[in-house]
Amino acid sequence: AVRAAGGGGGDGGADAGSAVAVSAKEAADGAVVAALNARAVPLLLRAVRMHGQLREVTADAWRLLCSLMRGRGFVKKIAADGGAMGLLLPALRSHMRDAPTAAQLVLAVRMLLPAVPPKPFVLDGGVETLCDAVRAHPTGAVAGVGVRALQMLASLNDVVRASVLEAEVLRKLLVAIETVGARADADADGGASAAEEAALVGPTVGLVAQLARGDAPLLARLRLQAPAAEVLRLCVRQAGSEEVQADGARALAGLIGDAASAAELVDGGGLPHFEAAAAREADAGAAAEEEGGLSHSLVTLLEGCALLLSRELGLPPPDDVEAYSDEGVGSMASLMRGLVKQRAEREAAEEAREAAEAEEAAAAAAAAAEAAAKLAEARLTEEERCERGLPPAKPDASPYATAAFGGSEAPAADALADGAKGAPAPVEDQDERNGAGEEPAAAGSGMEQLD
């Protein structure tokens with residue numbers, strides 16, 4: 001089969017030359033047809049089935065098969081009917097640690113996916129196998145091609161999306177992108193690192209956009225693994241890629257679920273960035289109304305943010321939101337800025353009101369504490385007051401109070417003088433009491449004398 005594809009008739013060097021001819025990108029259609037007529041695909045699959053444990057055989061066989069399948073749907077169909085996908089997944093699990101071989105196998109999976117039914121692939125653990133490969137090699141060709149395959153699969157249903165989120169591939173990818181981006185910023189030229197970063201950011205943002213189509217529980221898990229602020233940062237990093245901007249707008253439309261995150265889009269500098277992206281698209285002559293285009297995705301994103309802000313502010317949906325949409329991204333951005341400004345003013349007023357209420361509550365609490373202290377002090381006995389060094393609750397009402405207890409000596413002297421005025425005159429002599437000239441009474445008993 002290899003000799004037929006390469007047009008050679010000998011052995012040794014001729015076979016090697018034929019292999020190179022088949023594996024090259026610019027392989028002639030005639031050579032490919034000759035290889036197919038010689039049953040190259042079934043023979044290569046048989047070699048993989050019999051000697052798949054050998055890494056070199058696996059890598060070379062799938063390299064040839066990928067060269068034959070590239071751009072030729074009928075060859076993919078032949079390989080799929082021959083059970084190619086059933087051989088790919090075990091081979092990928094066996095040779096996952098070797099990065100070049102894993103990259104070749106992941107590329108073969110990506111090329112065969114359109115030609116095979118998705119349900120058997122998912123049931124055979126294909127999604128989990130791809131996620132394991134990406135986590136084992138979060139940078140390079142394995143990650144770039146593997147994430148593209150996951151992006152294609154995530155567009156199917158929530159079952160696949162849940163499997164991808166369960167594997168937490170996005171966390172690994174975001175960390176790898178941050179590392180590569182830091183290396184690109186540190187490099188003098190940054191050429192290789194910048195290209196590697198771009199090759200990772202595009203598929204990652206596209207995967208987030210597909211995962212954002214899930215239901216509410218999946219969106220909640222997605223927001224934990226890929227926050228909206230992080231996706232916005234990736235879009236800003238790759239401002240020159242229209243694909244990244246469009247996928248980023250679709251991803252943010254799903255990630256932004258409340259007014260706070262919508263306001264963060266404005267505060268984080270998202271509006272100027274997206275306005276500039278829409279302007280570049282307009283300069284390029286792209287149709288702003290094109291379904292799925294960048295401007296359409298941006299307008300859809302800003303419409304959703306405007307509705308979230310209006311709902312939080314208690315305002316009816318803007319009547320002219322469609323008019324703003326028709327005018328493009330710039331008008332929607334102006335509407336968003338106005339709503340965010342109203343939200344900020346409302347938050348400032350609420351904070352001032354809460355501060356005033358807190359101050360009033362503190363003053364009331366202080367007054368209540370003071371009143372309680374006075375009441376407790378009033379209930380103390382005189383002994384307790386003396387023990388605590390407090391003055392008496394009130395001065396003694398007795399006219400004989402002295403200065404020692406808070407009174408004065410003057411009232412006591414006045415009281416004695418007033419009492420002397422009303423008293424009977426003192427009797428000076430017994431004779432005067434009995435009357436002049438009377439005989440004194442006879443001395444009686446002791447009791448009589450007392451009487």
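Read-outs throughout are calculated quantities, based only on the coordinates presented, and are distinct from any laboratory measurement. Values in this document were obtained by computation on a predicted structure and should not be read as measured data. Every residue, glycine as well, gets a Cβ built from its backbone with ideal geometry; the counts of neighbours run over all protein chains shown.
Here the label points at residue 313 and residue 377, each 7 Å from Cα along the C-beta direction, are separated by 5.4 nm in the simple model.
Taking θ as phi - 60° and the Karplus parameters 6.51, -1.76 and 1.60, the scalar couplings of the range 172-185 work out to 4, 5, 5, 5, 5, 5, 5, 5, 5, x, 5, 5, 5, 5 Hz in sequence order, x denoting glycine and proline. In terms of packing, defined here as the mean over residues of other Cβ atoms within 10 angstrom, the peptides 247-260, 106-119, 298-311 line up highest first as 247-260, 298-311, 106-119. Contact order, relative form, for the range 71-157: 31 percent (alpha carbon pairs under 8 Å, 6 or more residues apart, mean separation divided by residue count).
Put in order of Cβ neighbour count within 10 Å, fewest first, the listed residues 148, 183 become 183, 148. Using a simple spin-label model with pseudo-atoms 7 Å out from Cα toward Cβ, residue 141 and residue 53 lie 2.7 nm apart.
Between residue 358 and residue 159, the simple label model (points 7 Å from Cα in the Cβ direction) yields a spacing of 5.2 nm.
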